[in-house]
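K.L.:
The structure's right below; bear with me while I get my questions together.
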Protein chains: 6
Amino acid sequence: MSERILVINPNTSHACTAGIAEAVSSFNAPGMPRLEVMQLADDEGPPAIVTWRDWFAVAEPLCRTIEREAAAAYIIGCVSDPGLEAARTVTDRPVLGMFRCAVAAALTRAERFGVVGFTWRSEQRQRRALQSMGVEGRMAGWVPLDLPMEVLTDPVAPQARIAEACRRLAADGAEVIILGCAGMARHVAVAAEASGLPVIEPCQAAAAAAQLAVIGARQPALTA
Amino acid sequence: MSERILVINPNTSHACTAGIAEAVSSFNAPGMPRLEVMQLADDEGPPAIVTWRDWFAVAEPLCRTIEREAAAAYIIGCVSDPGLEAARTVTDRPVLGMFRCAVAAALTRAERFGVVGFTWRSEQRQRRALQSMGVEGRMAGWVPLDLPMEVLTDPVAPQARIAEACRRLAADGAEVIILGCAGMARHVAVAAEASGLPVIEPCQAAAAAAQLAVIGARQPALTA
Amino acid sequence: MSERILVINPNTSHACTAGIAEAVSSFNAPGMPRLEVMQLADDEGPPAIVTWRDWFAVAEPLCRTIEREAAAAYIIGCVSDPGLEAARTVTDRPVLGMFRCAVAAALTRAERFGVVGFTWRSEQRQRRALQSMGVEGRMAGWVPLDLPMEVLTDPVAPQARIAEACRRLAADGAEVIILGCAGMARHVAVAAEASGLPVIEPCQAAAAAAQLAVIGARQPALTA
Amino acid sequence: MSERILVINPNTSHACTAGIAEAVSSFNAPGMPRLEVMQLADDEGPPAIVTWRDWFAVAEPLCRTIEREAAAAYIIGCVSDPGLEAARTVTDRPVLGMFRCAVAAALTRAERFGVVGFTWRSEQRQRRALQSMGVEGRMAGWVPLDLPMEVLTDPVAPQARIAEACRRLAADGAEVIILGCAGMARHVAVAAEASGLPVIEPCQAAAAAAQLAVIGARQPALTA
Amino acid sequence: MSERILVINPNTSHACTAGIAEAVSSFNAPGMPRLEVMQLADDEGPPAIVTWRDWFAVAEPLCRTIEREAAAAYIIGCVSDPGLEAARTVTDRPVLGMFRCAVAAALTRAERFGVVGFTWRSEQRQRRALQSMGVEGRMAGWVPLDLPMEVLTDPVAPQARIAEACRRLAADGAEVIILGCAGMARHVAVAAEASGLPVIEPCQAAAAAAQLAVIGARQPALTA
Amino acid sequence: MSERILVINPNTSHACTAGIAEAVSSFNAPGMPRLEVMQLADDEGPPAIVTWRDWFAVAEPLCRTIEREAAAAYIIGCVSDPGLEAARTVTDRPVLGMFRCAVAAALTRAERFGVVGFTWRSEQRQRRALQSMGVEGRMAGWVPLDLPMEVLTDPVAPQARIAEACRRLAADGAEVIILGCAGMARHVAVAAEASGLPVIEPCQAAAAAAQLAVIGARQPALTA
């Protein structure tokens, strides 16, 4: 029986896709819905979703991918949830956005969350997602890293900046930290130590939410 | 290594505890944090949490249980999240409330949720939890079953009433249904069919949220 | 001196474009910024923006059009404001969305507005725009026409339905009516008479807002 | 045909009235509703609306003026919208407040606005108007000039202070600037340059909103 | 020592003033601040505050009265709080509005209140007061009596209508009833019996709030 | 006739109980409902309510006390309103929480309040009460004293810290100060002088609210 959860990275970075796959790998267990990660073809997506224009542009290739690839649930693998509403119109299976899943996970842990953003350019998009969830008022702060890509992807280089951002969010009243980009999964421990707070990694938050959605829809077993 | 997630049913009903255990059983998989369900001793908790007085009274035995029972995370096994704040002061491990987890899961699926309540008496407590999450405005409706316990626990008898409640919530604008009591887990399919909407079962929502919390805190592995 | 305000209809319906042009024609006066209306090429846009997928898909051709066509300000000629955020990244001139302009105009007239929608499919998109403006709570009601296109575009046929929708919105507490689609401009009088309320036509609301933006940026004259 | 829009300055300052007339003059064009500016008689209004007592006191002379002077629409020419609700009860023509029009115009341009106030005394009144519009939460900041009148009315002297206020509002997250007093119309360019943001001048915002209201009510032409 | 609390009825109805005096009489006790009730002179106020124009017009005579009459605190004796902000600028003693006091008292008893209004014309004014308090969202309903004055002032005639309004508010979710006019003080028992809910009478609510303000400012005694 | 208002201090500190009694003594006047203050037995309550666990634990002894002690109204004598909802289920008489009463009193005086807290540990509990009242957004600031108990209970020692907290709240926009602990009643004058603002003492606020509730329920007299 196929209970595949398809994570679609809407950019064309193999490193990014590999990072997502590593982050969600702990959730692949016997009997649980299985997570698979893919990315858009090189001529379909941008190297990274940086601008609002990128954000709009990937909706259509995401829809086409979903139409082509059968799955029990889909995760849009970018922490600004691009194309989510469009994707939901082309399948009757659950489609989840990583940012919404991370915010929801944060709300199970505390009242006020802080977000470590990738660049200042993504704040407005994440605010929109918060508005659609109705929880914009619970964001204690949003602090961007604004680091060059070569620093961000280095395993060690961005740690000081991430720690600083987390300390600032804690000082501003955050009670839980959301890593606002799929590329920070390796830095959960740094963020937790610097802030003294629980840390939500969005790839994992989406993995858990998607497994819940798939298991919750195993209806015959439940009603037997 | 012990990654036990302890679900503590704050009432003394063995049937209720068994129902929770059944609902979360799908989440027990090799390599995933393991869910165990227990209940308060007969002289510590009420047969059911019906009143605000019950709600307050179980906080202390919940705290004592947590102090006594080591675990990687705790779930308070009642869908009005009794004693949650107190429990969080006696451990540094994650403590989760089933209702908050269900609401958070609903927010990953849609903007407006409806709640099928157990009795009218629990609405005010669930509203308070929504207020603490900041999302009271996203509740499209709250419809109680108000059935006698012998009907509610029958495998078939409450289905007509659950279906009716779900249809009404859908008509009132709900886009996702939350089952507002741990005892409705067997009726997910009925609720889904009647409403045509995704259905969130709170025991499962809490199981997924707790697994995420435990896996997310496996820090050495992530930073290695 | 060129003070062209370019209204870009993101669908490919010539009838729709002509209707917008007629609605804004009263604002073309000597000395005022001049409104011009165009539409996407047949291979760039859909016949109408019906789904979320359409909504995302027109962002890219809108951006390309703006890059190609110099203007003092741009209006996105569809009452769900598609591509607005993307369009704003490709020009430093004002870019306005018809729905936001109509809502803003309504707020100058009263506290609570009602919206006559085109089809039920557009409600969610208009709600999102209200959320981004922060005024979702001021919508007294949203009533769709849900008429076949041939009825909607008839000069007389949709009047009964529009009147009925306006009466219902007034009964629900609306103090001003917003026509939620660019194709209802000919029915302002019907809506006003049925409701007894002021009526905001979105093409005109956007025309006035764009003229304000352009005149307000005539800085040398003001500071001389 | 008379399509006069009457702007009633509720104070008795001829300089203030002249400033309003200059600010709105760009909107007087052939075929467009014509803006005329008048002021209260010397024994009816205060030299300036400084206190809440002034704010209440001008309602009655505003009502009497509107009863006496036929017009297609009225603008209350003070950026704290005094007497607006009273004025609306004495005519069935549109009556607009300059502050509400400026805020509405700001919302067509961005999500978060900042206000440059005249004196600290007007903040509370402008907050009330924001509350009645439902958008108090979208104000990023409110910075008063608190300058002596002779400085404020000098063509050059207040520029440094205005620039400083605009820079501070931009730093606090404003995405658009509202000039919170009718007497700053000559300083739009200074505000725009200092902040790097769009600037809304309230006299002009009200002029555009009133023209929209009058043109939108030209019903026979639209339905013919 | 003078601890007079002056209740100023801003209309010129002796019957209304007498009704307020009767309602507050229970609060006149030895050692407590003493409540005195007066009304505006016949040439200063309207027979009743019915319109927004009345509401604005009484601000100035209220200010003059306060300037003339020394007191330890002032109550504006009308349940739409006219002139409150102006009155606060002419004295450094507490000035209280009856409606705000009634709403505050309701919030000490329950989460959601319903208001029985005098006429539909006062709803908008009371909403504004709720907005300024930030609690508009807690109003479960607002039901006007809309009775002719001769019915309203009859000791028995309005009871059926009051009872009906209270029942409807209870059905709409009100947990406490506010009588929204100073002239309903004799009908507290009817309202309580019909609704089964606590009832707040605004004259009494203001009396208690004013006594608290005066006693709380007896600073020397407290610090001795 | 017995119109006793029973204030139940849920801790076992005689000094605290005496302080409450002193604070409310001004409200005991002939003809007014009489305030009596008691405390939980030494084996029923904690020395002070410091943690969430304390907060939950006192609900049950408060309920038992209310069941045992007849009164016309009850006040829970702790400024985090512990057990309020439970207490309301065991009596049909009014039960009031000191913090909610203080917040309500503040709202009769101004729009934005600041709270001087006892320790940082109580902020979260007071925020929850504000959420249940719907006015969390009106809190301009919350500043804890965080003083050792021997300093706090000294008649002079805490004054500097209280004054500093009040000045900071005023600077943050508070227009009225709430003393967030029953043990600061002697410092009202210090707080008022430091802030230049009205000060609400919660024991007195609850006394006034309870007298209003009891007098308002003297129904036969009113309807005779």
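K.L.:
I'd like to know if the stretch E:123-132 contains one or more residues that are surrounded by fewer than 19 Cβ atoms within 10 Å (Cβ to Cβ), more than 17 Å from E:Glu193 (Cβ to Cβ) and more than 19 Å from the chain's Cα centre (by Cα).
P.N.:
No, the stretch E:123-132 has no match at all.
K.L.:
Same structure again: So which of C:Val37, C:Val24, C:Val79, C:Val50 is in contact with a Pro (Cβ under 7 Å, 6 or more places away or on another chain) and in the same structural domain as C:Ala213 (by TED's automatic domain parsing)?
P.N.:
C:Val79
K.L.:
Let me ask something additional. Here is a list of conditions, (1) of a type outside the set (D, E, K, R); (2) more than 19 Å from E:Asp54 (Cα to Cα); (3) surrounded by fewer than 17 Cβ atoms within 10 Å (Cβ to Cβ), and D:Leu40 meets all of them except one; can you say which number that is?
P.N.:
(3)
K.L.:
Within the stretch A:188-210, which residues are of a type outside the set (Asp, Glu), closer than 27 Å to A:His14 by Cβ and in contact with a strand residue (DSSP E or B) (Cβ under 7 Å, 6 or more places away or on another chain)?
P.N.:
A:Val188, A:Ala191, A:Val199, A:Ile200, A:Pro202, A:Ala206, A:Ala207, A:Ala209, A:Ala210
K.L.:
I'd like the full set of residues that are over 15 Å from C:Met133 (Cα atoms) and either within 10 Å of chain D (Cβ to nearest Cβ) or outside any loop (DSSP other than H, G, I, E, B) (or both), limited to the stretch C:93-122.
P.N.:
Scanning the stretch C:93-122 gives C:Pro94, C:Val95, C:Arg109, C:Ala110, C:Gly114, C:Val115, C:Val116, C:Gly117, C:Trp120, C:Arg121, C:Ser122.
K.L.:
Something else about it: Aliphatic (A, V, I, L, M), touching a Phe, Trp or Tyr at 6+ places or on another chain (Cβ under 7 Å) and within 24 Å of C:Cys101 (Cβ to Cβ) - does that describe any residue in the stretch D:65-81?
P.N.:
Scanning the stretch D:65-81, I find at least one residue that is aliphatic (A, V, I, L, M), touching a Phe, Trp or Tyr at 6+ places or on another chain (Cβ under 7 Å) and within 24 Å of C:Cys101 (Cβ to Cβ), so the answer is yes.
K.L.:
Does any residue of the stretch F:42-64 turn out to be among the hydrophobic types (A, V, I, L, M, F, W, C), touching a residue at least 60 places away in the same chain (Cβ under 8 Å), more than 23 Å from B:Arg64 (Cβ to Cβ) and touching a helix residue (DSSP H, G or I) at 6+ places or on another chain (Cβ under 8 Å)?
P.N.:
no
K.L.:
Kindly evaluate E:Ala208 against the criterion of being under 23 Å from F:Arg88 (Cα atoms), at the interface with chain F (Cβ under 7 Å from one of its Cβ atoms) and in contact (Cβ under 8 Å) with a residue 24 or more places away in the chain.
P.N.:
Working: under 23 Å from F:Arg88 (Cα atoms): yes; at the interface with chain F (Cβ under 7 Å from one of its Cβ atoms): yes; in contact (Cβ under 8 Å) with a residue 24 or more places away in the chain: yes.
Yes, satisfied.
K.L.:
Identify, please: which residue in the stretch B:211-220 is part of a helix (DSSP H, G or I) and touching a residue at least 40 places away in the same chain (Cβ under 8 Å) and is, among those, farthest from the other protein chains (Cβ to nearest Cβ)?
P.N.:
B:Val214
K.L.:
On to the next question. When you check A:Gln219 against the structure, is it on the phi < 0 side of the Ramachandran plot, modelled with pLDDT under 95, of a type in the set (S, T, N, Q) and in the same structural domain as A:Asp92 (by TED's automatic domain parsing), yes or no?
P.N.:
yes
K.L.:
How many residues, within the stretch A:148-193, are in a helix (DSSP H, G or I) and either more than 13 Å from chain B (Cβ to nearest Cβ) or of a type in the set (Lys, Arg) (or both)?
P.N.:
The total comes to 17.
K.L.:
Quick check on my filter: what residues within the stretch C:87-111 are out of contact with any Leu (no Cβ under 7 Å at 6 or more places or on another chain) and among the small types (Gly, Ala, Ser)?
P.N.:
Once the filter is applied, which keeps residues that are out of contact with any Leu (no Cβ under 7 Å at 6 or more places or on another chain) and among the small types (Gly, Ala, Ser), the stretch C:87-111 yields C:Ala102, C:Ala106, C:Ala110.
K.L.:
Then there is this: Any chance the stretch A:125-139 includes a residue that's modelled with pLDDT of 95 or more, assigned to a loop (DSSP other than H, G, I, E, B) and out of contact with any Gly (no Cβ under 8 Å at 6 or more places or on another chain)?
P.N.:
Taking every residue of the stretch A:125-139 in turn, none turns out to be modelled with pLDDT of 95 or more, assigned to a loop (DSSP other than H, G, I, E, B) and out of contact with any Gly (no Cβ under 8 Å at 6 or more places or on another chain).
K.L.:
Restricting attention to the stretch B:123-173, report how many residues are without any contact (Cβ under 8 Å) to a residue 60 or more places away in the chain, closer than 21 Å to B:Arg53 by Cβ and touching a Ser or Thr at 6+ places or on another chain (Cβ under 8 Å).
P.N.:
Here the count works out to 6.
K.L.:
Being at pLDDT below 95 and either within 14 Å of chain C (Cβ to nearest Cβ) or under 16 Å from the mean Cα position of the chain (by Cα) (or both), is that true of even one residue in the stretch A:58-80?
P.N.:
Restricting attention to the stretch A:58-80, the residues satisfying the condition of being at pLDDT below 95 are none.
Within the stretch A:58-80, none of the residues are at pLDDT below 95 and either within 14 Å of chain C (Cβ to nearest Cβ) or under 16 Å from the mean Cα position of the chain (by Cα) (or both).
K.L.:
Taking only the stretch F:1-17 into account, find how many residues are over 14 Å from the mean Cα position of the chain (by Cα) and more than 14 Å from F:Val214 (Cα to Cα).
P.N.:
Counting residues in the stretch F:1-17 that are over 14 Å from the mean Cα position of the chain (by Cα) and more than 14 Å from F:Val214 (Cα to Cα) gives 4.
K.L.:
Out of all the residues in the stretch C:81-92, which are surrounded by fewer than 24 Cβ atoms within 10 Å (Cβ to Cβ) and either within 10 Å of chain D (Cβ to nearest Cβ) or charged (D, E, K, R) (or both)?
P.N.:
C:Glu85, C:Arg88, C:Asp92, listed by residue number.
K.L.:
Let me ask another. Kindly establish whether E:Val50 is more than 14 Å from chain D (Cβ to nearest Cβ), touching a Ser or Thr at 6+ places or on another chain (Cβ under 9 Å) and either on the phi < 0 side of the Ramachandran plot or part of a helix (DSSP H, G or I) (or both).
P.N.:
Here the answer is no, as E:Val50 does not meet what is asked.
K.L.:
Same structure, new question: When only residues in the stretch B:138-169 that are within 24 Å of B:Pro47 (Cβ to Cβ) and in contact with a Phe, Trp or Tyr (Cβ under 8 Å, 6 or more places away or on another chain) count, which is surrounded by the most Cβ atoms within 10 Å (Cβ to Cβ)?
P.N.:
Among those residues, the one meeting the criterion is B:Leu145.
K.L.:
Okay, moving on. Looking only at the stretch B:194-203, decide whether some residue is more than 14 Å from chain A (Cβ to nearest Cβ), under 20 Å from A:Leu212 (Cβ atoms) and surrounded by 22 or more Cβ atoms within 10 Å (Cβ to Cβ).
P.N.:
No, because not a single residue in the stretch B:194-203 is more than 14 Å from chain A (Cβ to nearest Cβ), under 20 Å from A:Leu212 (Cβ atoms) and surrounded by 22 or more Cβ atoms within 10 Å (Cβ to Cβ).
K.L.:
Looking only at the stretch D:22-42, how many residues end up being within 14 Å of another protein chain (Cβ to nearest Cβ) and more than 22 Å from D:Gly216 (Cβ to Cβ)?
P.N.:
Taking the stretch D:22-42 and keeping what is within 14 Å of another protein chain (Cβ to nearest Cβ), we get D:22-35.
Subset that is more than 22 Å from D:Gly216 (Cβ to Cβ): D:22-23, D:25.
Qualifying residue count for the region: 3.
K.L.:
Inspect all residues belonging to the stretch A:174-183 and state whether any of them is free of Cβ contacts under 8 Å to residues at least 24 places away in the same chain and on the phi < 0 side of the Ramachandran plot.
P.N.:
Within the stretch A:174-183, none of the residues are free of Cβ contacts under 8 Å to residues at least 24 places away in the same chain and on the phi < 0 side of the Ramachandran plot.
K.L.:
Just to be sure, is D:Gln211 of a type in the set (S, T, N, Q), under 30 Å from C:Ile178 (Cβ atoms), modelled with pLDDT of 95 or more and not assigned by TED's automatic domain parsing to the domain that holds D:Ile75?
P.N.:
Against the criterion (of a type in the set (S, T, N, Q), under 30 Å from C:Ile178 (Cβ atoms), modelled with pLDDT of 95 or more and not assigned by TED's automatic domain parsing to the domain that holds D:Ile75), D:Gln211 does not qualify.
The values are calculated or read from the model by the stated rules, or taken from the named source; none is laboratory data. Fair warning: this is a prediction, and the values are worked out from it, not measured in the lab. Cβ sites come from the backbone with ideal geometry, for glycine too, and all protein chains shown count toward neighbours.
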